Amino acid sequence: MAKLTVLNPMGYPPKITRKPLAPRLSSLEGKTIYLVDARFDDSELLLREMQGWFADNMPAVKTKLVQLSSVYTKDDPKTWEEIKRNGDAAIIGVGH
Amino acid sequence: MTLDSTYGVPTVSLHTRPFAPAVRSVIRVNGMPRARLAFVPQPVMGKTPAELRAYVDGSDTITGRPVMQEVIEGLTRPIEADDPTDMVYERTTPRLVEPDSEENLHALFQENHWSDQLPIILPTEERVAEMLAHTSHPADEVVGHMRPTMFREYWEYTVEKVAVNAVMAGARPEYFPVILALAASGASARGSTTSSAAAMVVVNGPIRNELAMNSGIGAMGPYNHATATIGRAYGLLSQNLQGGSVPGLTYLGSQGNNYAYNNVAFAENEERSPWEPFHVQHGLKAEESAVSVFTGCRSTAFTLGVRETYWREHVRNMLRGMDPHESPTFLLDPITARQFIDRGGFNTKEKLVAWVQDNARMPAGEYWDYQLIQNYIYPRATFGEEPWASKLKAAPNELIPMFRTEDIHVVVVGGETNGYWRIMGCNYQKTVSVDAWR
């Protein structure tokens, strides 16, 4: 059977540069965890329930619920700086 | 990802189950394949506090382990010792596909999601060369960059890559400058949004007649070779040159959108329009040729004519029925365009747009309660961005404008068999010169 040669229709992807994860905490006891509401599809309501879970099950963990400053499509250095300054860890949701 | 890698704050991100493949792909292409994740059931939207607490108390929908165990371990489990953090992965795309039979190649293109699931014209070197002969730009010139969402990486493409997709769509070589202009817009016709959006293409200028494009009867339908294949080419080049449009991975539209087969490509009926052409409104001369791209095409309202007694109420009703996060583009048959002048004195498109902006209103309480307004506009309003910040001050029953003037557009299309007209909910992106790609 005759073989055809055709061109590949896909574009050219960029290179991937690995980025490091932050070192993890040895324990959450006494730590401050920021719960970051992505302001999308009732995310805040889910995070409030997660905040309630910590209060019920790990009362030694401090939690603070904050919202992104603007829509989730915009970077938010102001919030990141606050979390870095005053927090020990973060849970962000819901990314769909 | 930024919080974890740039600010050094250990972070876990929460997602819902259907997005697991897409999330894993996004963290991988952003260089963090071992980012810590947890997945709850879908949907979160519209659930009661008790139901959401059950999500938190329940199992991760991907791993099966308790959600809170995933969260806590995500923040405390040490980073894997073998996690390479200083590597750069080069990626590329081969120019040619492994030679094979015609039948096998058709199957391959379909299986790889390189087609729109309809038969394509195989892009042999001969066919691509014929396409390339219709532009003065060299085959290896970079045309632009596209990506399906802002969370993914931009892919790059050349004139030759656009030609490959133009051949696949069945476009004739003389259509190539129009297709290159669409590729140069950088606006993907295969944007990934759970709302299932498509694109719309309006062609203006002499190119319409050079290519025998249709702006009259059936202009937005499958009745003209140029518009059918140009619109199709725009879709194919978008999905392939941006790195894919694969359901669940790089396309998350919940219902899909049938407009996407041809991306509502048509020529404006400049000859029968009482107003200036769309591209002239955007800075080009009438004798120049251009394409204008709209994305986010999801909704269509329509009616017949512009009635004498209640035309204002009829138009307001159509606008009031739109999701205010969409923007209205009026697609008017020439009969209707003239009727708008007769009824309201709108002897320019700008006057009609001004009337629409002033009359498309809804109570502020209802406006702010729309989910898409909550997702995309309310955060910008609370951030102080206008005009939305001022709208926050309105009383719940106060009628506030739904749209900004700059988001309302008017295009004339149709063959005057009757005065039907439409409002397409979509977002204008840009107008690109076709002449620059000849």
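Couple of notes before you dig in:
- Taking every residue in B:106-113 and counting other chain Cβ atoms within 10 Å of its Cβ, the average works out to 1.
- Within 10 Å of each Cβ in A:54-64, the average number of Cβ atoms from other chains: 1
- Among the chymotrypsin sites (Phe, Trp or Tyr not before Pro) in segment B:233-337, those located in a DSSP loop and surrounded by at most 13 other Cβ atoms within 10 Å of their own Cβ are B:Tyr310.
- Chain B, dipole about Cα centre (Lys/Arg Cβ +1, Asp/Glu Cβ -1), debye to the nearest 20: 1260
- Prolate/oblate/rounded call for chain A, Cα gyration tensor, a/c under 1.5 rounded: prolate
- Paramagnetic label reach from B:Glu416 (point 7 Å along Cα→Cβ; backbone nitrogen cut-off under 18 Å): within segment B:183-203, no residues.
- Within a Gaussian network of chain B (alpha carbon springs, distance under 10 Å), most fluctuating of B:Glu90, B:Glu80, B:Glu130: B:Glu90
- Computed FRET value (nearest 0.05) for B:Gln69 with B:Met45, which takes r as the C-beta separation and R₀ as 25 Å: 0.50
- Overall, the protein assembly as shown carries a charge dipole of about 880 debye about its Cα centre when +1 sits on the Cβ of Lys and Arg and -1 on the Cβ of Asp and Glu, all other atoms neutral.
- Of the GluC sites (Glu not before Pro) found in segment B:281-353, the ones in coil according to DSSP and having at most 13 other Cβ atoms within 10 Å of their Cβ are B:Glu287, B:Glu308.
- Chain A - percent relative contact order, Cα under 8 Å, separation 6 or more: 37
- For A:Asn8, the residues 5 or more places off, or on other chains, whose built amide H falls under 5 Å of its own are B:Leu96, B:Val97.
- Other protein chain C-beta atoms within 10 Å of residue C-beta, averaged over B:121-129: 3.
- The label-point distance for B:Glu385 and B:Lys351, in a model that sets each label 7 Å from Cα toward Cβ, rounds to 3.4 nm.
- Those lysines that a straight Cα-Cα span of less than 17 Å connects to A:Lys84, excepting residues fewer than 8 apart in one chain: A:Lys31, A:Lys62, A:Lys64
- For B:Leu399, B:Leu319, the sequence from fewest to most other C-beta atoms within 10 Å is B:Leu399, B:Leu319.
- Subtracting the Cα-Cα distance of B:Arg77 and B:Leu392 from 0.36 nm times their residue separation leaves 109.0 nm of extension gain.
- Computed extension length for B:Ser254-B:Arg316: 19.4 nm, one decimal, from 0.36 nm per residue of separation with the Cα-Cα distance subtracted.
- For segment B:360-431, the relative contact order works out to 35 percent when only alpha carbon pairs closer than 8 Å and six or more residues apart are counted.
Only the coordinates and a few stated rules stand behind these numbers; no lab work does. It should be emphasised that the depicted structure is a prediction, and the values quoted were computed from it without experimental measurement. Glycine gets a Cβ as well: all are built from the backbone with ideal geometry, and neighbour counts include every protein chain shown.
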